[in-house]
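For reference, the structure is listed below as structure tokens.
Each reported figure results from applying straightforward, stated rules to the coordinates on display, with no laboratory input. Computed from a predicted model, the values in this text were never measured in an experiment. Quick reminder, even Gly has a Cβ in these numbers, built from the backbone with ideal geometry, and neighbours come from all protein chains shown.
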């Protein structure tokens, strides 16, 4: 049996302490490869040490990126009227579905279910024979009296065809074509007043048809 010198005993003790310290650090310090990303107080995704991940060390982007949504107000003959968030580029029929679908007495012949939607838009599904009383008359472009149109009977300048636009006083074939052309180049009108941006249409024309048109 060999006997260690005092110096060798000190070396053995030192090596034992270093080994013990290494074991303590190994099991007490956090794993640098398992850092979690937290958003809004919730654990969204973990980086590394993920057996199901094909790309260790990368965060799933779709866990952090939200889809683009637009807010649309669906009113009228639907099951649950209200404001709904739908995907950008959605059509009117999709917003109606979000609102629970249209009622049995909805007049779908008076709306364009394929109409594209934009943020902040209000769309109303009309009822069949709503029976709304007429209101006061307003002067037309030619001096004759025109009955004030109800909200449901107004011409939507964002979706109306050229023929429908030509039914408005002071809007002939040329101006109707200009409205459609402007709409195709610049997108839907946000306000009725935006009609003055169309070539050939002035403030007087807009005032004459203001109560007969809508942008929703």
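What to note about this one:
- Estimated at 0.36 nm per residue, the fully extended path between residue 87 and residue 3 surpasses their Cα-Cα distance by 22.1 nm.
- Stretch gain in nm, segment residue 27-residue 184, where the contour uses 0.36 nm per residue and the Cα spacing is subtracted: 50.0 nm
- Figure legend: label point modelled 7 angstrom from the Cα of residue 199 along Cα→Cβ; residues of the range 174-192 with amide N under 17 Å from it are 174-187.
- Segment residue 207..residue 73, full-extension length gain: 45.6 nm, with 0.36 nm per residue of separation and the alpha-carbon distance subtracted.
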